[in-house]
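Report on the structure given below.
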Amino acid sequence: MSIWVIFKLLGSLALLMFGMKSMSESLQKMAGPQLRHVLGAMTTNRFTGMLTGTLVTASVQSSTATTVMTVSFVNAGLLTLAQAISVIMGANIGTTLTAWIMSAGMSFDISIVSYVGFFVGIILIYMKKHRYIGDFLFGLGLLLLGLTTLRLTGNEMDLGHNPAVLSFFESFDPRSFWTTLTFLVLGGVMTFCVQSSAAVMAITMILCSSGALPIYQGIALVLGENIGTTVTSNLAALSANTQARRAALAHMFFNVFGVLWILFVFQPFINMVCGWVGYDVDMSKEAVSTETFVANAAKLSFVLAAFHTTFNVINAGILIWFIPQIERFVCWVIKPKKVDEEEDFRLHFITAGFMKTPELSVLEAQKEIRAFSDRMQRMFGMVRELLTIKDEASFSKLYSRIEKYESISDNMEIEIANYLDQVSDAHLSDDTKAKIRAMLREISELESIGDACYNMARTITRKVQGKEEHFTEKQYEHMHQMMELTDSALTQMNQLMGGRKEAFDVNRSFNTENEINNFRNQLKSQNIADVNNHVYTYGIGTIYMDIINECEKLGDYVVNVVEARMGMKQR
């Protein structure tokens, strides 16, 4: 086998994988928000959940995309873990469509379709309005061209007459349980290494169609591929939150359970599928003519696709009745971490392992920013409380918490910005690019809110440690009024962050900011008069106005967040 044939094989696999990636991403760009809406609306019970998972995965050609959406909805409380499990079961069925596309590519010359896809696709790409459809057609063309090249390369390699390959596979007893187990493990390892179940399926189809690999070992590779793809998602979920890890474990349990029961009926089940497709399992090269043997072997890619679909449909049909038990099992295996999540810095929704679908990753970042926003309002609440505490120990403890929150706000800004930077490296729609720019502005302003809260806490601490005289009753009253206005602005901001911007009245935020500015100006003039009239000292007046001014700055940062979310330019 020449080095050029090997490069053709690897290159055609690369075309296949890149074509699938392009198709998936372009479909997500076209229908990302709609897919999220469908996933949220159509999971009223386990059956509609499974159907939804099947349809969404078949549409975007990516079970990873479906898993990302599902886990994000679980995190947001829009789906229960049980509903998520049913969607993931459906995703396993939806992903079998890929095998049928590949089997068609292995059996027929579909290169003309790929060239049509390239021609129409490039025209639409240059027409800005329809460029995502063009991206999809270009991806489809690459996928079909990769399949065609793969089929031709397989014929050129002529593995069915290669003595080394034949002797390797003939060294395994096709009827042996240990042979099935060996190829099952091999399929899992290959999928884990290549990080693409589609590539392993393509290799399996080439080996089987050439007559080198018996169908029993080929199907064992397919079963291993089913498990290998779940190992990847479980490793990716190790750094994720509890619900994401439970969803990944449920996916693995689903596939491992399926492999276990199919092993008991392995050969009869395969013979049944072969009968449906019309493939003769017992046909040998010596007993029939070459043409007959080749025609029979050509059906093997359809046998693999039919087995893949039948296996996943039956497995889902069995396990859909036991979803509550699966949910209890994964909750028993993966228990929530016993930490004070309020005080422990970690991102709740963003997980490095699920960064495979950039368009949908924006949803994760939006939820994380909402959590960031909530945290900043809680931090401001602590500052308000700090102003009223008289006990030294309680004061010191609360100030330490505020310090920790300030550190958390810095870390959250950096982590979310790094994540958005990774997402922005991908090919994104214009709407998504605009959202990312707005989100980067939001997190910067939210971090500034944290700084303002910390500055107020430090000012209050400076007064306490400096043994300054107490604020007057009027000063306390004015500070509480200012903080009440500021908290109202933060509440309005969080309503916007958690809801739909179309339903938000932005004038309320602008009016609150004007109230804060006017009140600050009024207190500034009053403070100068009170100091001149010796109502209190210049020192306590300075501390008092520092707190008032920080509240006013915080109000400005809040309005900046609101403008960023509403898509308005900074004033």
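Filtered by the rule that a residue be among the aliphatic types (A, V, I, L, M) and open to solvent by 50 Å² or more (accessible area, probe 1.4 Å), the stretch 379-424 gives 393, 414.
Within the stretch 378-413, the set of residues being among the basic types (Lys, Arg) and in a helix (DSSP H, G or I) comprises 378, 384, 397, 401, 404. Criterion first (surrounded by 13 or more Cβ atoms within 10 Å (Cβ to Cβ) and within 26 Å of residue 365 (Cβ to Cβ)) does residue 555 satisfy it? Considered against the rule, which asks whether it is surrounded by 13 or more Cβ atoms within 10 Å (Cβ to Cβ) and within 26 Å of residue 365 (Cβ to Cβ), residue 555 comes out as yes. Of all residue pairs spaced 6 or more apart or on separate chains, those with beta-carbon atoms under 6 Å, a first member in the stretch 223-246 that is under 19 Å from residue 260 (Cβ atoms) and charged (D, E, K, R) and a second member that is buried (at least 20 other Cβ atoms within 10 Å of the Cβ) and at pLDDT below 75 are 225/197.
So for the stretch 505-517 (the condition being acidic (Asp, Glu) and within 19 Å of residue 445 (Cα to Cα)), does at least one residue qualify? Within the stretch 505-517 (the criterion being acidic (Asp, Glu) and within 19 Å of residue 445 (Cα to Cα)), the answer is yes, since at least one residue qualifies.
Please pick out the residue among 494, 514, 518 that is at pLDDT 90 or above, part of a helix (DSSP H, G or I) and open to solvent by 90 Å² or more (accessible area, probe 1.4 Å).
Criteria check complete, one pass: 518.
A quick yes/no check of all residues on (1) of a type in the set (A, V, I, L, M, F, W, C); (2) open to solvent by 20 Å² or more (accessible area, probe 1.4 Å):
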position	(1), (2)
188	no, no
197	no, yes
207	yes, yes
211	no, yes
214	no, yes
225	no, no
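Of the residues that sit in the stretch 438-477 and are of a type in the set (S, T, N, Q) and within 21 Å of residue 562 (Cα to Cα), which one is surrounded by the fewest Cβ atoms within 10 Å (Cβ to Cβ)?
By that ranking, first place goes to 444.
Return yes or no: is residue 375 part of a helix (DSSP H, G or I) and open to solvent by 60 Å² or more (accessible area, probe 1.4 Å)? So residue 375 does not fit the description; no.
If the requirement is being over 38 Å from the mean Cα position of the chain (by Cα) and in a helix (DSSP H, G or I), which of these qualifies: 530, 556, 487? Spell out the reasoning first.
Values: 556 fails: over 38 Å from the mean Cα position of the chain (by Cα); 487 fails: over 38 Å from the mean Cα position of the chain (by Cα).
From the options 530, 556, 487, the qualifying one is 530.
Annotation note: Cβ proximity below 6 Å between a residue of the stretch 42-62 that is more than 19 Å from residue 96 (Cβ to Cβ) and a residue that is modelled with pLDDT of 75 or more and outside any loop (DSSP other than H, G, I, E, B) (sequence gap 6+ or interchain) occurs for 42/48; 42/52; 43/49; 43/52; 43/83; 46/86; 46/320; 46/323. Across the stretch 98-126, the qualifying residues are those that are open to solvent by 70 Å² or more (accessible area, probe 1.4 Å) and at pLDDT 80 or above, and the one among them that is nearest to residue 298 (Cα to Cα) is 100.
The values are calculated or read from the model by the stated rules, or taken from the named source; none is laboratory data. Just so it is clear, the model here is predicted, and its values are computed rather than measured. Because the Cβ atoms are built from the backbone with ideal geometry, glycine has one as well, and the counts that use them run over all protein chains shown. Accessible surface is based on the protein model in full, side chains and every heavy atom, while ligands, DNA and RNA are left aside. Shrake-Rupley method; radii C 1.70, N 1.55, O 1.52, S 1.80 Å.
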